[in-house]
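K.L.:
Input: one structure, supplied below.
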């Protein structure tokens, strides 16, 4: 299972308010993937003003997604870092709260669009990555017949395997950042 110190558990609607915003979701993703940064640097990267970026960073800080980096900066030049590497939630925790469920789904749709953009960007540039990466990369799907309990077990087992690579990343020069998408969802029909 995930290291609880590296996982932020979504527990209430205020957490969802913080993440159901494309700018905040992007800022959190950048701090998690690229490391600590300032509002000004992040603003330049996403095409927003530093004032707007500072506001969104404070919202993330208030909900515990990020924190000030005490090893960098000063009062004029505040550095921010992610407080955790992962976000986890149980949709059932919001099942009886229609507004919260809508916010959760908005956040999930933003994440899905981000995943699609990354995959399309890779496919557009696959030749640049070379044959080794083309052979090592891939997307696939499998249609399985599972109970909810077995689907949850599958999801946990997949994440356990991914976590082995999180704690022991490659350090050679040929290594690159790799994104792993894991989706386990029931379907009514395979080809809509």
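K.L.:
With viscosity set to 1.306 mPa s and temperature to 10 °C, compute the Stokes-Einstein D of the chain, Rh being the Kirkwood radius across alpha carbon pairs; µm²/s, no decimals.
P.N.:
The estimated diffusion coefficient comes to 84 µm²/s.
K.L.:
Also, I was wondering about something else. Suppose we keep just the DSSP beta bridges with both residues in the chain; what percent of those would be antiparallel, to 5?
P.N.:
Just about 60 percent of them are antiparallel.
K.L.:
Would you calculate the separation in nanometres between label points at residue 109 and residue 151, each defined as 7 Å from the Cα along the Cα-to-beta-carbon direction?
P.N.:
Distance between the two pseudo-spin positions: 2.0 nm.
K.L.:
How much mean residue ellipticity at 222 nm does the chain get from its helices, if each DSSP H run of length 4 or more adds -39500 (n - 2.57) and you divide by all residues, to the nearest 500 deg cm²/dmol?
P.N.:
That comes out to -16000 deg cm²/dmol.
All of the numbers you see were taken from the coordinates with simple rules; none came from a lab. Since the structure is predicted, the reported quantities are computational estimates derived from the model, not experimental observations. Because the Cβ atoms are built from the backbone with ideal geometry, glycine has one as well, and the counts that use them run over all protein chains shown.
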